[in-house]
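Below is one structure; the comments refer to it alone.
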Amino acid sequence: MSDIITKIKKQRTFAMIKPDGVMRGLTGEILRRIEVSGLKIVALKMIRATKEQIIAHYPMSDQAWVDRLGEKGLSTFEGLKLDPKQYLGTDDKTEIGRSVAQSLIDYMTSGPVVPMIIEGIQAVDMVRKLAGHTLPYKAEMGTIRGDFSVDSPAVANVERRAIHNLFHASETLEEAEREITLWFTPEEIMHYSRAGDDIMYSKTY
Ligand code: GDP
Ligand code: MG
């Protein structure tokens with residue numbers, strides 16, 4: 001029982017400040033939001049990602065992921081009563097997904113990124129919640145993407161670029177585990193106790 005609780009308390013997720021976040025000077029603000037939530041940052045660095053790293057990071061050979069990437073923007077076109085065929089030359093989700101995947105490589109290698117590992121109770125869901133919806137115009141205020149970014153696939157897809165949404169966060173525990181091993185070695189992961197851990201997570205009275 002206590003082993004399971006310890007495991008839950010130490011769930012790890014992967015997140016990354018994207019080049020627009022770093023170049024807009026939002027690194028501190030984003031890290032602050034993660035830290036004040038009570039989650040613990042256990043690995044952190046600033047690097048320039050290579051094309052190969054981004055191709056490995058996003059599951060680009062996974063047909064379902066590519067299709068979903070294409071689909072994400074299509075409802076925006078519908079909502080604006082725009083015909084995707086007229087603006088993108090196609091309304092095929094796979095074709096659109098492939099084009100977005102290609103533009104993601106350009107975006108993610110356009111400047112420095114800040115990858116990190118974050119630890120704590122339900123860290124995967126917590127960090128997704130802090131990030132907000134993928135599409136900035138749908139992201140709630142109070143989230144990183146909602147508060148600091150403005151973008152829409154109706155514009156980004158036509159301009160053949162990725163949505164600029166500042167921050168990446170793993171969507172599932174499996175995705176987190178895969179991404180953690182991709183960006184960090186075990187030696188880069190820190191073990192320390194944070195002031196307040198006992199008050200937040202334990203019965204001390
Ligand atoms: P995330 O997990 O919320 O980051 O969303 P995804 O994994 O579906 O997509 C990865 C990244 O691709 C997003 O964070 C955006 O930068 C970009 N992206 C997602 N959907 C679209 C889209 O419809 N159009 C464009 N241009 N970019 C998108
Ligand atoms: Mg994702």
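Would you point out the residue of segment 62-83, among those that are near ligand 1 (Cβ under 10 Å from one of its atoms) and of a type in the set (Lys, Arg), that is modelled with the lowest pLDDT?
That would be 72.
Give all pairs with beta carbons closer than 9 Å in which a residue from segment 119-140 that is more than 14 Å from ligand 2 (Cβ to nearest atom) meets a residue that is in a loop (DSSP other than H, G, I, E, B) and of a type in the set (Asp, Glu); count only pairs at least 6 apart in sequence or on separate chains.
What qualifies is 136/151; 137/151.
Enumerate the helices (runs of 4 or more DSSP H) found wholly within segment 95-205, keeping only those where 2 or more residues are out of contact with any His (no Cβ under 8 Å at 6 or more places or on another chain), open to solvent by less than 10 Å² (accessible area, probe 1.4 Å) and within 14 Å of ligand 1 (Cβ to nearest atom).
So the answer is 123-131.
Taking segment 141-156, which residues are within 16 Å of ligand 2 (Cβ to nearest atom) and in contact (Cβ under 8 Å) with a residue 40 or more places away in the chain?
Across segment 141-156, the qualifying residues are 144, 149, 153, 156.
The values are calculated or read from the model by the stated rules, or taken from the named source; none is laboratory data. Computed from a predicted structure; not experimentally measured. Backbone-built Cβ (ideal geometry, glycine too); neighbour counts: all protein chains shown. Accessible surface is based on the protein model in full, side chains and every heavy atom, while ligands, DNA and RNA are left aside. Shrake-Rupley method; radii C 1.70, N 1.55, O 1.52, S 1.80 Å.
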